[in-house]
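Structure first, commentary second.
The values are calculated or read from the model by the stated rules, or taken from the named source; none is laboratory data. Note that the coordinates shown come from a computational prediction; the quantities given were computed from them, not determined experimentally. Counting neighbours? That spans all protein chains shown, and the Cβs are built from the backbone with ideal geometry, glycine included. Heavy atoms of the whole protein, side chains included, go into the accessibility calculation; ligands, DNA and RNA do not. Shrake-Rupley method; radii C 1.70, N 1.55, O 1.52, S 1.80 Å.
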Amino acid sequence: MGRRPDTERRPVHGPPAVSRAICTERALPVSRERPNGDKHGGRRGALALALLPALLGAPALAQETPAPSQAEPAPSTASNPRARTPSEPATAGRPRRSAFDAPSALRGTGAFSSPAPLGSGTSTNPAPSPESEEPTVARLPRFRSATSLPGSAATRGIPARPSLLRLRAAPPRRLGSATRQITQTRTQQTITDLRLTPVIQTPVSGVPLPAPILGLGLPNAAGLLLGTALRRPIPADTAYAPLGIHLGTFTLLPAFTQSVGYDSNPDQIGGNRLRPSLTLRSEAELALRSEWSASELTAEMRGSYLEYPQSPEASRPNAVGTARMRIDVDRDTRIDLETRFLLDSQRLGSPDLGAGGATSRPIFATYGATAGVQENFNRLQLSLRGSIDRSVFEDAQLGNGTTIIQSDRDANQYGLRLRAGYEISPAITPFVETFLDTRVYDTPVDQFGLRRDSDGVAFTAGATVALNSTLTAEISGGLQHRSYIDRTLQDITAPVVNAALVWSVSPLTTVRFNQQTGIIETAVPGSSGAFTDAATLEVQHDLLRNFSITLGGAYLSTNYDGVRIRERGYSATARLDYRFNRWLALRGSYIYSTLNSTIPLSTYEAHTVLLGVRVNP
């Protein structure tokens with residue numbers, strides 16, 4: 001075949017804008033000679049030129065969808081001299097379109113369009129109009145809008161989009177504060193599956209003491225019996241943890257235990273008056289916990305009744321409880337509120353009842369409240385707390401029919417506690433503390449003609465320790481002094497040693513230790529008061545996921561001032577808990593207690609065995 005004439009145009013593969021521009025230059029002949037190199041070099045160069053706009057325009061195509069108004073209009077024959085006329089054949093002089101041509105949505109739009117060639121009649125550097133040039137980042141060369149770039153679609157009457165760099169450099173304006181939106185998302189999200197969330201209940205496993213500790217003269221008198229001072233819940237297996245009852249922002253954990261067993265000495269008395277009996281124990285518990293983002297409210301209450309069919313006079317109730325509330329005023333200020341109560345009975349061999357002369361166990365109750373505020377000045381912690389406690393006693397009946405009046409023992413105690421601590425590290429905070437109190441009786445003069453109103457002061461120093469969430473302790477020691485209004489009652493000066501420790505030896509083993517000392521009131525003639533020291537030790541270990549054992553011991557020492565009465569008591573307990581599921585458990589316990597006293601009828605020894613079923617609704 002012969003060569004094509006010089007004036008014949010060879011199809012050019014490339015961007016449409018370049019192809020149309022070359023087609024309009026019919027006066028410029030195309031050279032027949034190929035450049036040096038591969039004979040297919042021209043085709044490869046045209047192919048590379050065709051791929052370039054398609055690859056560069058891909059990100060813009062991925063982020064934008066062309067509007068119908070921005071589509072390229074069809075070229076007309078008037079503006080394109082090479083447009084086919086009806087008289088020409090379909091392939092005559094028609095440029096062949098490459099399969100790699102950029103889509104119509106990318107042609108002539110954005111900064112990646114091919115500029116018009118020289119001599120095409122299109123201005124290569126049009127002057128930007130004030131309407132098309134923005135006064136901000138658009139004035140910079142790299143952020144210039146598409147309308148101000150050469151070869152843009154605006155030169156052909158097509159509305160242009162902003163460049164890809166401009167879209168990335170100027171993100172859309174946010175509505176509102178970003179931090180507020182995140183906070184609202186986290187704090188205002190409704191939780192719908194609270195009833196399916198296990199609640200780890202604090203095990204109630206206080207070691208019974210041979211004699212109740214009453215009137216310690218401390219704001220937290222019932223804390224030792226509860227064993228809740230610095231007490232953290234032991235992590236139980238979630239498969240057997242009670243779910244609790246959710247009421248609004250509170251979680252209730254009720255429980256009921258019914259036990260049957262045997263007691264060798266229900267009256268806790270010595271001599272020949274021992275009357276063993278069958279034991280029926282009914283116990284109800286209620287724990288409350290708040291689910292607040294700030295502040296906290298917790299409560300724990302227990303009530304039980306011991307019934308002895310063979311010894312009805314020894315049947316007695318027992319109840320103890322405490323509720324605490326922490327109000328977080330701000331980051332450095334908090335308000336602490338606490339209420340407490342204790343209901344128990346006096347043993348028949350108590351020196352206050354004539355050492356065995358009573359025939360029934362009289363009931364006594366103590367209740368009180370504490371309010372305080374704590375302020376943190378960087379590492380310095382200052383707290384001030386005021387308390388009020390009241391003790392009420394029931395009259396006792398003697399064997400000869402007479403009555404021991406105990407209403408003259410009813411009294412109120414008002415206390416003020418000031419503590420200053422300095423945080424050396426997050427694990428250790430030493431502190432010093434001063435406690436002032438006064439005790440006022442309802443009856444100024446008791447039945448023995450003594451005025452027992454008194455004032456007390458105590459100075460202690462100690463430290464609060466928290467090591468890696470495995471050891472939490474508060475230990476303090478000092479001196480206390482109590483002076484009485486009646487000159488016949490001598491003042492009492494005694495040491496003060498208080499300790500509360502919780503040690504998580506392992507995820508399966510926990511050790512608790514509590515010790516508390518104080519000067520309690522007494523009705524023994526000639527005695528100003530009694531110095532009491534009580535300590536409890538408890539070890540709990542989980543043998544299986546649903547099987548745990550608890551071993552504990554207690555020590556009690558009471559010295560009556562002014563008279564020769566000394567008492568030493570010990571107790572030991574062992575308890576097994578087997579959980580069938582979340583709400584049903586089997587509990588068995590054994591308790592041994594003994595008390596040695598200088599009064600013969602006050603010395604006793606007892607063994608108690610109980611087996612019961614515990615239900616957590």
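Rounded to whole numbers, the Karplus 3J(HN,Hα) couplings from phi for segment 366-374 are 10, 8, x, 8, 9, 9, x, 9, 10 Hz, using 6.51 cos²θ - 1.76 cosθ + 1.60 with θ = phi - 60°, and x at Gly and Pro.
Here the 3J(HN,Hα) profile of segment 533-539, calculated from phi with Karplus coefficients 6.51, -1.76 and 1.60 at θ = phi - 60°, is 10, 10, 9, 10, 10, 9, 10 Hz, Gly and Pro shown as x.
Diffusion of segment 465-601 by Stokes-Einstein, at 4 °C in a medium of 1.567 mPa s and with Rh set to the Kirkwood radius over alpha-carbon pairs, works out to 72 µm²/s. The residues of segment 340-386 have, on average, 38 Å² of accessible surface per residue, using a 1.4 Å probe with all protein chains present. Pull up all non-local amide H partners of H607: gap of 5 or more, or a different chain, and H-to-H distance under 5 Å with H placed in the peptide plane. Placed amide hydrogens put S264, N265 under 5 Å from H607. Global dimensions of segment 433-510 from alpha-carbon coordinates: Rg and Dmax equal 19.1, 58 Å. Averaging 1/r over each pair of different alpha-carbon atoms in segment 319-395 and inverting the result gives 15.2 Å, the Kirkwood hydrodynamic radius. The Cα trace of segment 263-370 gives Rg and Dmax of 19.6, 63 Å, the first to one decimal, the second as a whole number. Distance from the Cα centroid of segment 504-560 to that of segment 565-616 is 13 Å (rounded to whole angstrom). Got a number for carbon plus sulfur as a percent of segment 443-589's accessible area, 1.4 Å probe? Heavy-atom surface of segment 443-589 belonging to carbon and sulfur, 1.4 Å probe: 63 percent. In sequence order, segment 332-344 has phi-based couplings of 10, 10, 9, 10, 10, 10, 8, 10, 8, 7, 8, 10, 8 Hz under the Karplus curve 6.51 cos²θ - 1.76 cosθ + 1.60, θ = phi - 60°, and Gly or Pro positions carry x.
Would you please put 593-602, 247-256 in order of how densely packed they are, using the mean number of other Cβ atoms within 10 angstrom per residue and starting with the highest? Don't skip to the answer; put the middle values down first.
Details: 593-602: 18.2, 247-256: 14.7.
Listed from highest to lowest mean packing, they are 593-602, 247-256.
For segment 304-458, the orientation-averaged shadow of the C-alpha convex hull comes to 12.4 nm² (one quarter of the hull surface). The amide H of R452, built 1.01 Å from its N in the peptide plane, has D446 as neighbours under 5 Å, considering only residues 5 or more places off or on other chains.
Leaving ligands and nucleic acids out of the surface, order E394, E433 by accessible area at 1.4 Å, largest first.
The ordering from most to least exposed comes out as E394, E433.
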